[in-house]
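Taking it in order: structure first as structure tokens, then the write-up.
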Amino acid sequence: MRHIAFACSPWMLLGLAGLAVQGSAHGQTRELATQGELLDRVVAIVNDGVVLNSDLDAQVDIVSQRLRQQKLELPPQNVLRQQVLERLVLQEIQVQRAAHAGVKVPDEMLNAALQDVAKRNGLTLTQLPEALKQQGVDYPEYREEIRREMMLQMLQQRDVLQHISVTPREIDQFLEKQAKAPAENNEYNVSHILIAVGQEASPAQQDAAAKRAQEVYQRAKSGEDFAKLAVAYSNSQTALEGGALGWRKGGELPTFLSDTIARLKPGEVSEPLRTPTGYHIIRLNEIRGGSASAVEDQVHVRHILMKTNELADDATVRGKLAALRERVLKGEDFGAIAQVTSQDPGSAAEGGDLGWSGPGTFAPEFEQAIAPLKDGEISEPFKSQYGWHIAQMLGHRRFDNSDEIKRRKAMEAIRASKADEETELWLRRMRDEAYVEYKS
């Protein structure tokens with residue numbers, strides 16, 4: 001269950017433009033001006049679901065508002081609507097997959113995320129609804145948008161991130177290349193444009209994509225606004241953010257970008273780079289230095305993981321873990337129970353032992369649950385994107401081991417660098433396999 005960290009979107013009160021609005025648009029209809037007027041219509045059929053025109057209108061308005069706030073020139077309306085529609089189609093595909101897989105966000109996890117939103121805006125959770133209301137945002141709809149955003153990230157974690165493996169040889173090669181690659185502790189502000197090429201693309205389609213990539217590159221190289229080009233032409237999930245990948249440490253850059261970034265100066269644009277997902281055009285915006293410390297506070301934890309399924313819902317699994325906790329409190333061995341009951345393949349054989357771990361090793365929900373535990377204490381059952389857990393704190397220590405930390409950070413960086421490309425491939429595969437019919 002070990003993972004870099006479950007990175008929820010930085011939801012802010014004024015950051016609604018970054019969220020999908022399909023869910024909030026459902027159920028909303030335009031007022032009836034005259035009897036018999038069309039209330040809404042379908043703009044896309046996606047497998048057994050639909051995208052409504054009201055969804056599309058609402059999202060286009062939000063994206064347009066955000067682009068204006070960023071002082072970016074809007075592309076032609078038909079181009080923007082097509083980009084937004086394609087994003088909504090991808091979101092609908094993911095929502096359907098999540099529903100089929102039984103991926104759910106319980107209220108307690110949702111409330112924790114909303115409490116974090118409130119805290120970062122200087123509010124309490126009880127003050128959040130009124131603050132949103134003052135901005136014209138309906139709180140129940142906002143809750144469901146956050147729930148949906150978290151659900152999609154949990155789906156990505158389940159289908160993509162937890163299947164990314166890192167071998168010792170990869171770590172060795174990573175450390176060997178560090179001197180030639182972007183500095184590990186420097187941070188790079190990067191934007192990119194993806195001209196996608198489907199896995200089943202014909203030679204003619206591949207040639208057309210290559211030509212489009214070269215045209216976009218020449219326009220970016222000649223000084224045309226990169227963000228505007230990304231909004232208009234990129235097929236990446238970051239297109240409507242102007243292609244911005246944000247600040248990344250050198251070791252966290254996607255693998256296919258590292259060598260390219262190392263050769264760029266701030267403001268420069270790379271030639272199109274071919275990968276399995278298509279052609280990437282990269283712009284290095286800024287570089288800033290960083291620092292690293294070899295000393296960190298570590299914890300030694302073991303846990304029992306149980307997952308929900310068709311026969312066991314959240315309440316059932318939570319009850320089972322509560323019963324196991326009581327058995328341990330009465331004297332049974334935690335490790336022996338974990339070997340028999342835990343559904344974490346990586347630690348069950350070791351009695352649930354996760355070893356000594358530093359900050360950022362576990363998902364935020366897990367770290368939050370174990371943070372207050374004293375040595376020997378066992379948590380109440382809690383849920384993360386992996387399932388339900390009980391965890392026992394075995395010890396704390398202040399640790400200084402540069403080589404071990406370097407290798408662990410290298411492993412985390414490799415996983416992060418693989419995640420972008422693997423996620424794009426995952427989305428492309430789902431899109432290619434889905435039935436999508438656009439309605440004029």
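The values are calculated or read from the model by the stated rules, or taken from the named source; none is laboratory data. Remember, predicted model here, so these are calculated numbers, not experimental data. FYI the Cβ positions are ideal-geometry reconstructions off the backbone, even for glycines, and counts take in every protein chain you see.
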Can you find, within region 301-322, the residue that is nearest to H396 (Cα to Cα) among those that are hydrophobic (A, V, I, L, M, F, W, C) and not in a helix (DSSP H, G or I)?
V301
Determine if region 138-150 includes at least one residue that is not in a helix (DSSP H, G or I) and not assigned by TED's automatic domain parsing to the domain that holds F366.
yes
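Going through T277, T341 one at a time, which residue ends up being crowded, with 20+ Cβ neighbours inside 10 Å and of a type in the set (S, T, N, Q)?
T277
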Please go through region 366-421 and give me each residue that is in a helix (DSSP H, G or I), in contact (Cβ under 8 Å) with a residue 60 or more places away in the chain and aliphatic (A, V, I, L, M), ordered by number.
I370, I405, A410, M411, A413, I414, A416, A419
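Would a scan of region 45-59 turn up a residue that is in contact (Cβ under 8 Å) with a residue 60 or more places away in the chain, part of a strand (DSSP E or B) and touching a strand residue (DSSP E or B) at 6+ places or on another chain (Cβ under 9 Å)? Reasoning before the result, please.
We begin by selecting, within region 45-59, every residue in contact (Cβ under 8 Å) with a residue 60 or more places away in the chain; these are 45-47.
Still in the running and part of a strand (DSSP E or B): 45-46.
Now drop any that are not touching a strand residue (DSSP E or B) at 6+ places or on another chain (Cβ under 9 Å), which leaves 45-46.
Looking through region 45-59, at least one residue is in contact (Cβ under 8 Å) with a residue 60 or more places away in the chain, part of a strand (DSSP E or B) and touching a strand residue (DSSP E or B) at 6+ places or on another chain (Cβ under 9 Å).
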Can you tell me which condition E73 does not meet? The list is (1) in contact with a Lys or Arg (Cβ under 7 Å, 6 or more places away or on another chain); (2) within 25 Å of A369 (Cα to Cα), and all the others hold.
(2)
Hey, among the residues in region 86-110 that are assigned to a helix (DSSP H, G or I) and either among the basic types (K, R) or more than 19 Å from the chain's Cα centre (by Cα) (or both), which one's nearest to D55 (Cα to Cα)?
R87
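Do we find that D107 is among the acidic types (D, E), free of Cβ contacts under 8 Å to residues at least 40 places away in the same chain and not assigned by TED's automatic domain parsing to the domain that holds Q385 in this structure?
Values: among the acidic types (D, E): yes; free of Cβ contacts under 8 Å to residues at least 40 places away in the same chain: yes; not assigned by TED's automatic domain parsing to the domain that holds Q385: yes.
The answer is yes for D107.
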Picking from G376, G319, G387, the residue that is touching a Lys or Arg at 6+ places or on another chain (Cβ under 7 Å), not assigned by TED's automatic domain parsing to the domain that holds R147 and not basic (K, R) would be G387
Please work out which residue is nearest to R325 (Cα to Cα), limiting yourself to region 258-274 and to residues that are surrounded by fewer than 17 Cβ atoms within 10 Å (Cβ to Cβ) and not aliphatic (A, V, I, L, M).
D259
Residue under question is R325, and the condition is that it be in contact (Cβ under 8 Å) with a residue 12 or more places away in the chain and either touching a Phe, Trp or Tyr at 6+ places or on another chain (Cβ under 8 Å) or assigned to a strand (DSSP E or B) (or both); does it hold?
no
Sole exception among (1) touching a helix residue (DSSP H, G or I) at 6+ places or on another chain (Cβ under 6 Å); (2) under 30 Å from R431 (Cβ atoms); (3) surrounded by fewer than 21 Cβ atoms within 10 Å (Cβ to Cβ) for K307, by number:
(1)
Residue check for L52: under 30 Å from F366 (Cα atoms), of a type in the set (A, V, I, L, M), modelled with pLDDT of 90 or more and in contact with a Lys or Arg (Cβ under 9 Å, 6 or more places away or on another chain):
no
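Can you tell me which residues in region 206-237 are of a type in the set (S, T, N, Q) and surrounded by fewer than 18 Cβ atoms within 10 Å (Cβ to Cβ)?
Here is the first cut: in region 206-237, the residues of a type in the set (S, T, N, Q) are 206, 214, 218, 222, 234-237.
Result: Q206, Q214, Q218, S222, Q237.
Among the residues of region 215-270, write down those that are β-branched (V, I, T), within 26 Å of S64 (Cα to Cα) and either in a loop (DSSP other than H, G, I, E, B) or over 23 Å from the mean Cα position of the chain (by Cα) (or both). Give the derivation first.
First, the residues of region 215-270 that are β-branched (V, I, T): 216, 231, 238, 255, 260-261, 269.
Subset that is within 26 Å of S64 (Cα to Cα): 216, 231, 238, 269.
Matches in region 215-270: V216, T238, V269.
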